[in-house]
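Trainee: I have a structure I would like to understand better, so I am pasting it below and will then ask my questions one at a time.
The values are calculated or read from the model by the stated rules, or taken from the named source; none is laboratory data. Because the structure is a prediction, the values reported are computed rather than measured. Here the Cβ positions follow ideal geometry from the backbone for every residue, glycine too, while neighbour counts run over all protein chains shown. SASA here: full protein model, heavy atoms, side chains in, ligands and nucleic acids out. Shrake-Rupley method; radii C 1.70, N 1.55, O 1.52, S 1.80 Å.
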Amino acid sequence: MAKGDNGVRCFQGLLVLGNVIIGLCGIALTAECIFFVSDQQTLYPLLEATNNDDIYGAAWIGIFVGFALFNLAVLGIVGVIKSNRAMLLAYIILMLITYAFETASCITAATHRDFFTRNLFLKQMLEKYQNPEPLNNDDRWMSEGVTRTWDRLMLQHECCGVNGPSDWQNYMSKFRSINSDSEFPWPRQCCVMDIQGIPFNLDGCKLGVSGYYKDKGCYELIAGPMDRHAWGVAWFGFAILCWTFWVLLCTMFYWSRIEY
Amino acid sequence: VKGDWEALFLGVSISDLLFPAQSLRPQIASPQLATNNPTFTTVALEKPFCVFDGLLSPGKSYEVYLYAMMDSSNSAVTDNNSKPLDTTFQEVNGGQLGPYKAAVLNVPDCASPPKLADIRNVKKASDVLKQYLFRVGDDVSCLYDPNFLGVCNPPLASGTTYRFKYILVDVTSGIMKDETLWSEPIKTNSVKKSSTIDTWPGRRSGGMIVITSILSVLIFLLLAGLFASVFFAIMGSEDSATTETRHISQTVQQVAPRPQASSDRADQ
């Protein structure tokens, strides 16, 4: 058993407190990552179509790591109170593994966040929106997802294109290849419509008369939530790791000093 | 109001009263109004307000023809008897070989031009646009419709320079009375390929660098700490085995150098 004096009790108390915080943070991390993965804004198809949904991978890791942290915190508390060498050794080793996974999740989220550029979504929109001849079933699935998501975004959020409706005018697109520019300078969803979905003035919309077309871009609506979630996964994970680092070091110290 | 209107348009001055049109050119529609102009295949032009007024004699009916051609081509729009040409889009290869008749319009009413401010009014907007401008290249179906009889105004080519000209025609005699100059060259938008868009984010953000570097260091320190604690655990138990320290332990004498083994024993 450990020494019975106050110093040791105090140290044990600190370790227990540290583990309680780790456990709570673990639950919070799981909750946050579940919220992210549940995709409230239904933007996942856009991410899927970039062939890079690492940020979702990071969030899935976060879910399991959060749960593991909670369980390990319980193990740690019991181990510290009982001063059981075997339990604490298991705690330390499992915690190191969890720590490595969470590091991976954190770095992935932080790195992938940098890739949410305007051009990424612009290029994808131009190449996938209403793509009439997808290369294969996978491409068809992605194109349909992108088309559906963009239609919904432009209708519900009063925006058009990534930077604005001029995206459809500045670049050649799959949409342009199947729709005449005279008739569809941009998709109909870019027109300001009444409740029945009829443009207030179609000619005004085509000509870009202010008030009859949506001149705002959708970039903030896409990148905003993704960016915030990725930021949360990365920096909350980072904060947990910084805290866990000290608790783990102290636990190692404690473990090496337990006497029989 | 009328004075403003004229100034907005072509800078009509009183000295041009006799044949004002011959010093004027068709103008592109106000960019404050039509922000999406020109597009790939269309050009919206102002209708010729107050341009042909000096020549209108009462009791006769007139029409305005709009001709379009690609830049750098033959520019006559009438034959030798000043009859306007009836060339179509197909006949001149989309304006390459010469001007084609793109539209037949009523003479715009100089006395009551549309008020551009009315464009905000949803009910009036449609009329204002119709009165104020004409969109060349607007009709996507007339080329392919065998029953189409009017003047066809099919989409223009993208990335191409066009010139336009209004002429005034006496309907009964079918003779051109007046004409504007050819407009300044107006270029339709050219196609930029989407594959030229670079999606690489460029520099990494500071946050990503901070997270990656600090976490790498922390992992390293943790592993170092693990080895250190294992090392000290072994050293400590050997010390206590040799020096008989103050705490009694039933397993001290048998402590093996491996921590796993010692912890196994701790369970017993």
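Trainee: Among the residues of the range B:111-131, write down those that are more than 28 Å from the chain's Cα centre (by Cα) and surrounded by fewer than 18 Cβ atoms within 10 Å (Cβ to Cβ). Step through it out loud before you land on a result.
Mentor: If we filter the range B:111-131 for residues that are more than 28 Å from the chain's Cα centre (by Cα), which is where we start, we get B:111-113.
Matches in the range B:111-131: B:ALA111, B:SER112.
Trainee: Considering the range B:183-200 alone, what residues qualify as being open to solvent by less than 30 Å² (accessible area, probe 1.4 Å) and either not β-branched (Val, Ile, Thr) or not in a loop (DSSP other than H, G, I, E, B) (or both)? Let's see the steps before the verdict.
Mentor: First pass over the range B:183-200, keeping only residues open to solvent by less than 30 Å² (accessible area, probe 1.4 Å): B:183, B:186, B:188, B:194, B:197.
Hits for the range B:183-200 are B:SER183, B:ILE186, B:SER194.
Trainee: Could you list, in sequence order, the residues of the range A:14-44 that are within 22 Å of A:GLY224 (Cα to Cα), assigned to a helix (DSSP H, G or I) and open to solvent by less than 20 Å² (accessible area, probe 1.4 Å)? Lay out the reasoning, then the answer.
Mentor: Restricting attention to the range A:14-44, the residues satisfying the condition of being within 22 Å of A:GLY224 (Cα to Cα) are A:28-44.
Filter again for assigned to a helix (DSSP H, G or I), leaving A:28-37, A:44.
Answer for the range A:14-44, where residues must be within 22 Å of A:GLY224 (Cα to Cα), assigned to a helix (DSSP H, G or I) and open to solvent by less than 20 Å² (accessible area, probe 1.4 Å): A:LEU29, A:CYS33, A:PHE36.
Trainee: Next up: So is B:VAL169 touching a residue at least 12 places away in the same chain (Cβ under 8 Å), touching a Ser or Thr at 6+ places or on another chain (Cβ under 9 Å) and in the same structural domain as B:VAL77 (by TED's automatic domain parsing) or not? Before you say what the answer is, go through the steps one by one.
Mentor: On the way: touching a residue at least 12 places away in the same chain (Cβ under 8 Å): yes; touching a Ser or Thr at 6+ places or on another chain (Cβ under 9 Å): no; in the same structural domain as B:VAL77 (by TED's automatic domain parsing): yes.
Judged against the criteria, B:VAL169 is not a match.
Trainee: Specify the residue that is farthest from B:LYS123 (Cα to Cα); the eligible residues are those in the range A:205-231 that are in contact (Cβ under 8 Å) with a residue 60 or more places away in the chain and open to solvent by 30 Å² or more (accessible area, probe 1.4 Å).
Mentor: A:TRP231
Trainee: State which residue is farthest from B:PRO154 (Cα to Cα) when the search covers only the range A:169-191 and only residues that are under 32 Å from the mean Cα position of the chain (by Cα) and open to solvent by 30 Å² or more (accessible area, probe 1.4 Å).
Mentor: A:GLN189
Trainee: Are there any pairs with C-beta distances below 9 angstrom linking a residue in the range B:128-157 that is at the interface with chain A (Cβ under 10 Å from one of its Cβ atoms) and over 17 Å from B:THR39 (Cα atoms) to a residue that is open to solvent by 50 Å² or more (accessible area, probe 1.4 Å) and among the aromatic types (Phe, Trp, Tyr), with the two at least 6 apart or on different chains, and if so which?
Mentor: Note: pairs meeting the criteria are B:SER141/B:PHE148.
Trainee: If a residue counts only when it is closer than 30 Å to B:PHE227 by Cβ and in the same structural domain as A:GLY197 (by the TED database), which helices (runs of 4 or more DSSP H) contained entirely in the range A:66-164 have at least 1 such residues? Outline the logic, then answer.
Mentor: Working: elements: A:85-113, A:118-128, A:137-156.
Result: empty, no element qualifies.
Trainee: Could you list, in sequence order, the residues of the range B:204-229 that are part of a helix (DSSP H, G or I), at the interface with chain A (Cβ under 7 Å from one of its Cβ atoms) and either open to solvent by 40 Å² or more (accessible area, probe 1.4 Å) or of a type in the set (Asp, Glu) (or both)?
Mentor: B:ILE219, the sole residue that qualifies.
Trainee: I would also like to ask the following. Every residue in the range B:169-194 that is small (Gly, Ala, Ser) and out of contact with any helix residue (DSSP H, G or I) (no Cβ under 8 Å at 6 or more places or on another chain), please. So that I can check it myself, show each step before the final result.
Mentor: Kept after step one, since they are small (Gly, Ala, Ser), are these residues of the range B:169-194: B:173-174, B:183, B:190, B:194.
Passing the criteria: B:SER173, B:GLY174, B:SER183, B:SER190.
Trainee: Looking for whichever is more than 14 Å from chain A (Cβ to nearest Cβ), open to solvent by less than 60 Å² (accessible area, probe 1.4 Å) and closer than 24 Å to B:CYS50 by Cβ here; the options are B:THR172, B:THR180, B:THR161. Which one fits? Working first, answer last.
Mentor: Details: B:THR172 fails: open to solvent by less than 60 Å² (accessible area, probe 1.4 Å); B:THR161 fails: closer than 24 Å to B:CYS50 by Cβ.
Only one candidate passes the filter, namely B:THR180.
Trainee: Mind checking which residues of the range A:47-96 are open to solvent by less than 30 Å² (accessible area, probe 1.4 Å), of a type outside the set (Phe, Trp, Tyr) and more than 23 Å from A:PHE253 (Cβ to Cβ)?
Mentor: Within the range A:47-96, A:LEU47, A:ALA49, A:ILE55, A:ALA58, A:ALA59, A:GLY62, A:ILE63, A:VAL65, A:GLY66 meet the criteria.
Trainee: Which condition from (1) surrounded by fewer than 17 Cβ atoms within 10 Å (Cβ to Cβ); (2) within 18 Å of B:LYS192 (Cα to Cα); (3) touching a helix residue (DSSP H, G or I) at 6+ places or on another chain (Cβ under 8 Å) is the one that A:PRO134 breaks?
Mentor: Failing condition for A:PRO134: (2).
Trainee: Suppose the filter is touching a residue at least 60 places away in the same chain (Cβ under 8 Å), open to solvent by less than 50 Å² (accessible area, probe 1.4 Å) and either more than 14 Å from every other protein chain (Cβ to nearest Cβ) or of a type in the set (A, V, I, L, M) (or both); does A:LEU122 pass it? Walk me through it before giving the result.
Mentor: Numbers: touching a residue at least 60 places away in the same chain (Cβ under 8 Å): no; open to solvent by less than 50 Å² (accessible area, probe 1.4 Å): yes; either more than 14 Å from every other protein chain (Cβ to nearest Cβ) or of a type in the set (A, V, I, L, M) (or both): yes.
It is false that A:LEU122 is touching a residue at least 60 places away in the same chain (Cβ under 8 Å), open to solvent by less than 50 Å² (accessible area, probe 1.4 Å) and either more than 14 Å from every other protein chain (Cβ to nearest Cβ) or of a type in the set (A, V, I, L, M) (or both).
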